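Comments concern the structure below.
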Amino acid sequence: MERNVEKMLNRVSVAFLIIGAVIMVIMILQTPKTCISPEAPSKPHTHFPRSTCDSSPRQHLPLPKKNARIWSSRAWKSRLSSFSSYFLRFRDLGYLQNHTKALCLSAGAGHAPMALSQIGLADVTAVELVDSIPLVKRADPHNLPYFDDVFDFAFTAHLAEALFPWRFVEEMERTVRRSGFCVVAVDECGGDDVRDIAKLFHNSKVVDVANVTLEGSKRTSILFKVQDSPK
């Protein structure tokens, strides 16, 4: 009796396996009903993807149109306005002029360089590990591809994320001319933390510390004036 039951179960299992295999082959070979025929006329209102079986390549927006869409967004405008207000303070204090050659390190998508350009600076360079053309070029902030004393003003809001902060600061000081300025915006902090950050700047002295709001967060802004390098 048990042998007969076992044989029957084996036959049932084999039958199910065969049926499953047949169904899978049919599903692979049969065109889904949701597919749109390649010969079908295109519809302007149909957005990509038209169906799960549409194998046509994804259409990419040209870079100018892509940037225009990003830059017109509410989020972009809000962050840009925050950076513009932040930099206007330095212009009002006389540390920024229209002829100032500025450098933004770890510039992300480019809010800071765009803000500097908007307040009147004609020569703004920005670098990041991943470029965001046309605002940000690809370069390692720890090893900048620029000669010594090229810039008048350098800024970063991402010193805390630097892999080697001392090297990051060293490159800022190297590329900024004597009597130029380096600015860092860090999470809001007090005197001891400011002194620790200042120790990274071997060739600069602190000339201004202020608590500010940047990108909706409370930050501490530290302005350094670059001194003559020790010989």
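The values are calculated or read from the model by the stated rules, or taken from the named source; none is laboratory data. Just so you know, these numbers come straight off a predicted model, no measurement behind them. Don't worry about glycine lacking a Cβ; one is built from the backbone with ideal geometry, like all the others, and counts go over all protein chains shown. What goes into the accessible areas is simple: the full protein's heavy atoms, side chains included, and nothing from ligands, DNA or RNA. Shrake-Rupley method; radii C 1.70, N 1.55, O 1.52, S 1.80 Å.
A Förster distance of 22 Å, applied to the separation of the beta-carbon atoms of VAL130 and LYS66, puts the FRET efficiency at 0.90. FRET efficiency for the pair ASP187 and SER73, taken as 1/(1 + (r/R0)^6) with r the Cβ-Cβ distance and R0 = 22 Å, rounds to 0.30.
Listed values for segment 193-202 are Karplus-derived 3J(HN,Hα) couplings in whole Hz (6.51 cos²θ - 1.76 cosθ + 1.60, θ = phi - 60°), namely 5, 4, 5, 5, 5, 4, 5, 6, 8, 6, and x replaces Gly and Pro.
What percent does the relative contact order of segment 82-231 come to when contacts are Cα pairs within less than 8 Å and at least six residues apart?
Once divided by the residue count of segment 82-231, the mean separation gives 19 percent.
What is the spin-label model distance, in nm, from PHE164 to ARG91 if the labels are put 7 Å beyond Cα along the C-beta direction? According to this spin-label approximation, the distance is 3.6 nm.
Using a probe radius of 1.4 angstrom, the carbon and sulfur fraction of the accessible surface of segment 102-231 is 51%. So if R0 is 22 Å, what FRET efficiency would ARG177 and ARG138 give, r being the distance between their Cβ atoms, rounded to the nearest 0.05? E(calc), rounded to 0.05, equals 0.35. Taking label points 7 Å from Cα along the Cα-to-Cβ direction, GLN118 and ILE19 give a separation of 6.6 nm.
Can you list the residues, at least 5 places off or on another chain, whose amide H is less than 5 Å from the amide H of PHE155, using H built in the peptide plane? Placed amide hydrogens put LEU103, CYS104, LEU105, VAL183 under 5 Å from PHE155.
Heavy-atom accessible surface of segment 100-231, averaged per residue, reaches 48 Å², computed with a 1.4 Å probe. Approximating the spin labels as points 7 Å out from Cα along Cα→Cβ, the ILE26-to-ASP228 distance works out to 9.0 nm.
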